[in-house]
Each structure stands twice: as structure tokens, then as C-alpha cells.
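Here the structure is laid out as C-alpha cells; the discussion comes afterwards.
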Amino acid sequence: MAASPEGSGPTTPTSKPLEIRTKSVEQTLVPLVTQITTLVNHQEKRIRRTEKACRAVQRVGEAVSFAVDRFVTVGQAIGDQNKEIKQEMYDACLEARTAGDSIATITNVQYIHGDEELLFNDKSQMVRAARALLSSVTKVLMVADKVMVKQLLCAKDKVLTSLVHLEGVSNFSEFVQLFSQFGTEMVELAHLSGDRQADLKDERARAKMGAARAVLERSTMMLLTSSKTCLRHPDCGPAVQNRNSVFQQMREALSAMEGVVTEGSWLQEEDRLMSPVCLHNVVKQFEDAVERTRVTLMQPTDKEKLQESLNVIIDQANDFTDSAYTSHEHREKILNLCESSRMELQGLLQVDTNNDQGGKLDTTEELETAIIKTCKSMKELKKQLQNTALDQASEIFKTNEDHDILSTLKVSGTQGDAERVEEYCGKFTEHSEQLIEACRLLRHIAGNDPLYITACHAESCIRNLSPQLATATQTLVANPASKIARENLDVFCDAWESQINEMSVLVKEINDFCSGRKGEKTVYLSLPRPGKHGTTLKTIKPVKLDAEEQAKIAKLGLEMKLMTSELDAETEKWEDPDNDIVKKAQNMSSMSYSMYLFTRGEGPLKTTQDLFSQAEHFAEEGNKLFKTVRDFSADIPDGVHKAELLAHLDKIPTFCQQLNFTCKSPTVGKQATFTKVDSAIQETKNLMNTVAKVVTTCFTAATKYNLDTGSSPVNRWRSGPPPLMDIRTSQNGEEGTPQHTQETRMNSLLRSKAVQQPIQTINAFERI
């Protein structure tokens, strides 16, 4: 929806239409638009001036005028509270009040007995007044929206200032105090930026805001541990580099967020660069231009544009053929299809030239054939590029290098093996370059702007995380007995795993788009129907949670959703979808997904009692999976895989018992119910994590020992990342050493409520 200030006067060459960029402004205008539409429709229907018609129009006009008057009063109050926009707000309110009075004057039609005139004699008068009113009210709303932008930018500036203070801290006590304040400010920024992201109309802006918020959310814990490590080892160069890189990426994310909010040069420039280079867009433009030759004669400029579009497509195809990770087979196919597309376009242009010169009689049929061949060759080239990019991603997930490399880095770091750390840091850098190249190709085949932006974000995150993880490892190998250095490396490894998981989701979404699928997930609901199985028809009233509770539940829900995505990725590796392990795991995944929807206020679970009933069925399904996998484990030869499977499997009954106990425990009062909901979701998440590891280990064992379970890997590009790693190592002899005394005190301070509260609530970034 856009409003133009046409009614308030002639449009000057420099004036621009008012572009509404937020949903809230658009929705606020809906009632006014409805009333204005009613008035304009009365004017267009050429209604006679009857007593009834006059009264109806007067009532509508009075209602509009009254609503505008109240609206203006609120607008002026906002202006009084915000001096920087006061004059602009007062000017916009004056325009709105004038326009409202004009509407009231026009609609003040008096009935005169025997008068047969039309209700409105001047047709354009109402239209001009309506335009002026819509334009002026839109101005008021957009000026008021600047206040929201200002609040978000102020919150951003507070975080930026706290970052400066944190960067200059030299003692741990001051760091604890400043980080606590920083956490509170980040929570405020999380809420404001999340609301803004949800309110933005433009999907590109929403995607960019989401990317910036994701960096900030992920960087918070990295900032904590890297700063701790730097304070503990101030003379360690890699530790300083590690911490400084986190500060830098947080500043860049804050700058990106500001760019989206203010629509500055950063956003506009990236939009300008993005649209033309997106392969999907260029191919679409090329195909549309070719199709238009059926109905219009091609001008010389049209032919030049077709040639230019094809050249752009072939230039992008060169990124695929130049990639060191593209197979020889794919490279040859791309080169052949590029040449074929070039030849088919030349044939089309030649047919069109002959048609202009009247060289042949059957030019219409020949032109149609040339168009079909050109479009077909382009579709084949586009499909081949998509397959090449997806296959590269498939190879990355198939080799599962992340797990082995990170495991070795952790072990070697704690052992102080600098030579081995250097060797595997080099391997990790090569692996990161392959991931960056895969993201670059995925960016080319992304079918829409949000997917394109997400691919760019993934590439940027991997490019930043790779050297950060290397410096964290170098810090540990230089201080192998340091608990803080090990904790720091764990955090960066977790961030890497999270990023790989996000990349796998991106690959699946891009594949779904290329295949024409929406990728929607079916919700599995195992709740009993009302009136059956001893249930009651009475609806249980849901407990209403406050904003802080909702934020915490949303965070846990999103964590559980990530576990659901991981489990889905693991089950998709199995060739036989009717396998008992797969079926039970998929049932649990679907139940978990419905519980995740509950945390968002969506889905079939409407009350807290629905949630608890679903959790009980979830635990029941977990016990069934335990029995099935226990039987399956009997076929696995003794060894490391069987031991790993049983270690994970034995945790399932305990988690199921805890979940059942939580769901069946009685509660009284709002706080108790919230605690029960929180515990149920937390325990469901823990159980999902264990189930994912069990399914992964089953698949590995079935593949290695060729067990007859239909577990051959197929379509690996659809699957998720490797399972979440549990490769923390313990070294003997480190407990009680003198150098750990200060670290113990540091950790005690960091576990205090002042620091843990903002850490726990900072994930409100995941609320939207």
C-alpha cells in the first residue's frame, strides 16, 4: 500500500510518493481506507439527494472527521514527547486535520424537499479530498514510526558503547559488572529488533535484519568466553586476535542492523547489486524476452539485450566451471550447454532477421521452433547449474569432515601438540574454503531474495568463524591446562556446528524451491479426541504468560525446533522410509514440532494441558523407540559403534521417565504452571537430542556392517549436518593445580545471577 500526496497540491519534480515499509502502518490505515472507499463509492454511484442518503453520507463524514481529530491529538502528543520530530509531526497533523475538515464539509449535504439533484455534483472534489486525507494520515503514521526507529537505534548505540567499554576492560571484576549491563542492553535490542523485523513488509529487509540479529545472538557467548580467555592470558597473541575478531563482527552486525532500519546506503547498494546478478532473475528475464518474440517484432536493442543477458548467464556459469570442487562430468556438461544456448540464440536471431527480410514463407513455424529450442537449452543449463551446486553441498555433508577435524583439534590442543594443531588447522582452512565455495554457488541458484541473502550470510559467517576457531585452538595449545581456553574452544566449535546446521537447512530450502516444493512440515498430533478415552468435553483454560516468560519459552521452543530439524535430517538418510527406527523417530519429530508451534502460539496445541498430554505421548513413543533400537543393537558386532550406540540409548528411558514425571505432577498457580511448561519443553529437547544421536549411530552402524535395514545414503544434499558433537575431553592431573585458582574464582563469578541472567535471556533474538 502506498499513499501519494497528490491531493494536497501539485507534485513537484523532487517529491516522492510515500512508501509504506511496515505492516503496522499499513494495517492502521485499513479502517480509514474502508471509510474513504465508502464515500468515494457513493460519489461514483450518482445517487440522488434523498433524505436517507444525505443522513448516511453525513454520518460517514462526521465519523471520518471525528476519527481524524482523535488521531491528530495522539500524533501531536507523540510530537510533544519527541522534540526532534515535533515540527514535522505538527505539520503532518495540520494537513490531516485540514483534510478531515474538508471531508466533513463535502459530506455535509442538506436535503431539500423536491430537490432532484445528485448527492455529489462535483465528482473530482471528493476524490481530491480523499487523496489528501489518506496522504496526510500516512505522513503522520510515518513520522510516528520514526520514534520506533529512534528507540531501536538508541538501543543499538547503548550496545555499541558497552562493547567499547568491554573492549577496554583490564580486570575481571569490572568485566563481570559491564557484561551484566551489556546483557540487559542486548535483551532490549533483541526485543526491539525482533519486533521491527516482524513488522517490515519487504522480505529482503526482513532477511537482512534476521541475519544481523543471528550474528549478534551467536556472538554473545563467543564474546563472553573469548574475553574471559583474553583476561586470563593477556600475553597470548591468538587469544587477543580471537577476542578482537568477535568485537569486530558484532560491530559489523550492528552496522548492518542500522542500515536496514534507516534504509541507508548499505541496504540500497546491496539491493542494487543483488537483483541483477541473481542467476534465477537473469534466466527469467532471458526466457521472458525470448517468449515475447512470439508476439512482437524484435528491435536491434532487443537483440542486444538478449545477447547481454546470455553473456551474464555464461559469466556466472564460469563460476561453476572454474570451481576446484566441480567434478569433471559437471564441468563438461555446463560448457556444452553454454555453447548450445549460444548457438540456439544465434539461430533464433537469424530466423527473426530472415522474417524481417521476408526470406522464407514458413517463418512463423520456424520462429516457433527456434523459440522452443532456445528456451529448452536455457532450462537445461539452469538445471545443470542447480545440480552442480547441490552436489557440491552433498559431498561436503557426505564426508563429514567437521567432526573428525574438530575432534582432533580439541584433543591436540589439550595435549599441547602444536605440530598436530598446525596440521589440522590447515585442513580445517581447506575445508572452510570448500564450504565458502559451496555457499557461493548456492547463492547463484537461490530462487528468491531471502534465500540469496541467507546464502550470503552463511558465506560470511563461515568466512569469519574459520579463523576465529583457528585462533581459539592456538590459544588452547599455547595454554593446554587452561579450563577457560578449553571452554572458549568449545563455544566456537558449537557455533561452527550451528552454522553447518543452518547451511544444511539452506540447502534443503534451495532444493525445495528448485523442485517446486514448499517444504512444509506435517504436524503429528497424538492427543485423544474430546469425549473419548476418559477425556472431558470441557475446554481447559490456557495459562497466559507474560512477555519475559513468552521469550523464554520461545527460546526453548526454537532450540527444540533445531533438534527436530536435525532428527529429520538423520531420518532422511535412510533409504527405507518404512524402517521401524525411522518411523518411530519421524513420529517423535512430528510431535516435537507441534510442541514447538505451541511455543509460538500456533498449531493444534491450544492449552498447557494439550502440551502436557502431547509430551506424555512423546515419552511413550521414546520408550517404543528404545525397545526397537535395543533389538537392532543385537545385530551389531562388538566394538566402538555398538558401545557408542548403547551409551546414547541407555539415556532414553531416564529422559522418558523424567518427562512423564514432570507432565503428571500437579501444579497450582500461574508460576507453577509456567515452571512445568518450561521443564517439559526442556526435557523434550534433551530427549530429542539423544534420539538424534541414536538414529545417527544406528545409520553409521547399519552402513558400516551392511545390515539389512535399508539404510543406504541417498540424496545427501537433503540431509542435515553431522550430529551435534560430544567430544569434550578430560585431562587427568589438572584438578587442584595452583594456576586454576583464579580460573575457579572467575567461573564462580560468571555463574552468579548478575551474569547468567542476561546470558540466559539474550536468546530472545530467536523469539521472532
### Query
Name the pairs: first residue in segment 407-418 and in contact (Cβ under 8 Å) with a residue 12 or more places away in the chain and under 14 Å from T475 (Cβ atoms), second residue of a type in the set (A, V, I, L, M, F, W, C) and open to solvent by 50 Å² or more (accessible area, probe 1.4 Å), Cβ to Cβ under 6 Å, at least 6 apart or on different chains?
none
### Message
Looking at segment 403-418, can you tell me whether even one residue there is within 23 Å of the chain's Cα centre (by Cα), in a helix (DSSP H, G or I) and surrounded by 20 or more Cβ atoms within 10 Å (Cβ to Cβ)?
### Response
no
### Query
Are any of the residues in segment 472-495 closer than 30 Å to D315 by Cα, assigned to a helix (DSSP H, G or I) and of a type in the set (F, W, Y)?
no
### Query
Among the residues of segment 292-341 satisfying the criterion of being under 24 Å from Q386 (Cβ atoms) and of a type in the set (S, T, Y), which is most open to solvent (accessible area, probe 1.4 Å)?
Y325
### Residues (open to solvent by less than 20 Å² (accessible area, probe 1.4 Å) and either in contact with a Leu (Cβ under 8 Å, 6 or more places away or on another chain) or within 30 Å of P234 (Cα to Cα) (or both)) located in segment 191-222
S193, A205, K208, M209, A212, R213, L216, S219, T220, M222
### Query
Across segment 83-112, what is the number of residues that are under 13 Å from K146 (Cβ atoms) and loosely packed, with under 15 Cβ neighbours inside 10 Å?
3
### Query
Only one residue in T673, T690, T700, T696 is touching a residue at least 12 places away in the same chain (Cβ under 8 Å), polar (S, T, N, Q) and closer than 15 Å to S613 by Cβ. Which one?
T673
### Query
Limited to segment 632-661, what total is found for residues that are open to solvent by 80 Å² or more (accessible area, probe 1.4 Å) and within 16 Å of F699 (Cβ to Cβ)?
3
### Message
Suppose we filter V169, V149, V143, V164 for residues that are farther than 30 Å from S227 by Cβ, more than 25 Å from the chain's Cα centre (by Cα) and either modelled with pLDDT of 85 or more or crowded, with 17+ Cβ neighbours inside 10 Å (or both); which single one remains?
### Response
V143
### Task
Report, by residue number, each residue of segment 164-211 that is over 18 Å from K150 (Cα atoms) and of a type in the set (A, V, I, L, M).
V164, L166, V169, V176, L178, A207, A211
### Query
Given the structure, is I396 free of Cβ contacts under 8 Å to residues at least 60 places away in the same chain, crowded, with 22+ Cβ neighbours inside 10 Å and of a type in the set (A, V, I, L, M, F, W, C)?
yes
### Verdict on S526 being open to solvent by less than 50 Å² (accessible area, probe 1.4 Å), modelled with pLDDT under 50 and not aliphatic (A, V, I, L, M)
yes
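The values are calculated or read from the model by the stated rules, or taken from the named source; none is laboratory data. Predicted model only: the values in this text are computed from it and were never measured. FYI the Cβ positions are ideal-geometry reconstructions off the backbone, even for glycines, and counts take in every protein chain you see. When the accessible area is computed, the model is the full protein with side chains, heavy atoms only, and any ligands, DNA or RNA have been set aside. Shrake-Rupley method; radii C 1.70, N 1.55, O 1.52, S 1.80 Å.
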